[in-house]
1. Of the residues A53, A62, which is under 30 Å from K101 (Cβ atoms), modelled with pLDDT of 85 or more and surrounded by 10 or more Cβ atoms within 10 Å (Cβ to Cβ)?
2. Is region 56-74 home to any residue that is among the aliphatic types (A, V, I, L, M), in the same structural domain as Q161 (by TED's automatic domain parsing) and in contact with a Phe, Trp or Tyr (Cβ under 8 Å, 6 or more places away or on another chain)?
3. Just one of K214, K238, K207, K255 is over 16 Å from R162 (Cα atoms), within 23 Å of the chain's Cα centre (by Cα) and of a type in the set (K, R); which is it?
4. Can you name the condition, by its number, that D177 falls short on among (1) modelled with pLDDT under 90; (2) assigned to a helix (DSSP H, G or I)?
5. Within the bounds of region 250-262, is there any residue that is surrounded by 10 or more Cβ atoms within 10 Å (Cβ to Cβ) and at pLDDT 80 or above?
6. If E127 meets every condition in (1) at pLDDT 80 or above; (2) in contact with a Pro (Cβ under 9 Å, 6 or more places away or on another chain) apart from one, which number is that one?
7. Of all residues being in contact with a helix residue (DSSP H, G or I) (Cβ under 7 Å, 6 or more places away or on another chain) and surrounded by fewer than 16 Cβ atoms within 10 Å (Cβ to Cβ) in region 81-105, which is nearest to E144 (Cα to Cα)? Just the residue, please.
Amino acid sequence: MGKRILGLDLGTNSIGWAVVDDFGNGQFDLVKRGVHIFQEGVKVEKGKESSKASERTRHRAARRLKFRRKLRKIETLKALSASGYCPALSEEELKAWQSKKVYPANPKFREWCKTFDPKDKNSDSYENPYYYRWLASTTKLNLEDETDRFKLGRAFYHMAQRRGFKSNRLDSTPERDDGVVKTDIRELCAKMAGRTLGQYFWEECYKDGLPIRKVHTSRDEHYLAEFDFICEKQGVPKEFKKALHRAIFFQRPLKSQKGLVANCSFEKKI
């Protein structure tokens, strides 16, 4: 009895194999043969290849972004509700929204969240968050009055929903190409001409039907500046401002990557 030999032919997306019996003296007997073809590691659509991993990563990032936006809104509502700037919401309602995806059923809160457009464009009876941001930037509200507090709270809540772009990258060189986003932000600052972002959007864009969501905005230069301006103009209490600032503008720091750095075999002292 001779010996049995397994032969393999390794390809980029397949393995060919064969089993033979070697009886010696150059005598071989083919036992079995075949080929195993691997499934494609890429996604092919309309003749174009794309990574399956990148697609999963994109969907996971979208889910995280949506969940963190929800947490930011919940934290903002906690601060607003505790100080009387929105219809009162209980801890149970907010926890149910966070964990069970049950939106608060409080009718006053839902009415407070609604957005209405005026039938008469010359009318001043607006119920719109952009209008409330404009109002908070141009008019001193009476914070002793619940109606005015709710208007100011609605403006803050709208800012929490859209708080602008902020890059985590460090500027390594003083002169570099800013790209489309920062160029648009710089041009928007020039158009605002000293006004707050909400004031500009209401006066120049919203009432005329111009696009707002497609405009690149900066968190620090636009939203944070508007937040500080409104708080100072309206005389918002310091403790409330501090809690609201954290709820709206908190951003998780980047995770440390030190654990992924290995020691260099050529640099013994490192």
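The values are calculated or read from the model by the stated rules, or taken from the named source; none is laboratory data. Since we're looking at a predicted model, the values are computed, not measured. Glycine also receives a Cβ, built like all others from the backbone with ideal geometry; neighbour counts cover every protein chain displayed.
1. Numbers: A53 fails: modelled with pLDDT of 85 or more.
Within the list A53, A62, the selection yields A62.
2. yes
3. On the way: K214 fails: over 16 Å from R162 (Cα atoms); K238 fails: within 23 Å of the chain's Cα centre (by Cα); K207 fails: within 23 Å of the chain's Cα centre (by Cα).
Selected residue: K255, the only one of K214, K238, K207, K255 that is over 16 Å from R162 (Cα atoms), within 23 Å of the chain's Cα centre (by Cα) and of a type in the set (K, R).
4. Against the list (1) modelled with pLDDT under 90; (2) assigned to a helix (DSSP H, G or I), D177 comes up short only on (2).
5. In the first step, residues of region 250-262 are kept if they are surrounded by 10 or more Cβ atoms within 10 Å (Cβ to Cβ); the result is 250-251.
Now drop any that are not at pLDDT 80 or above, which leaves 250-251.
Yes: one or more hits.
6. So E127 meets the others, but not (1).
7. Here is the first cut: in region 81-105, the ones in contact with a helix residue (DSSP H, G or I) (Cβ under 7 Å, 6 or more places away or on another chain) are 83-89, 94, 97-98, 102-104.
Subsequent filtering for residues that are surrounded by fewer than 16 Cβ atoms within 10 Å (Cβ to Cβ) retains 84, 88, 98, 102-103.
Details: G84: 10, A88: 16, Q98: 31, V102: 32, Y103: 29 Å.
Within region 81-105, the match that is nearest to E144 (Cα to Cα) is G84.
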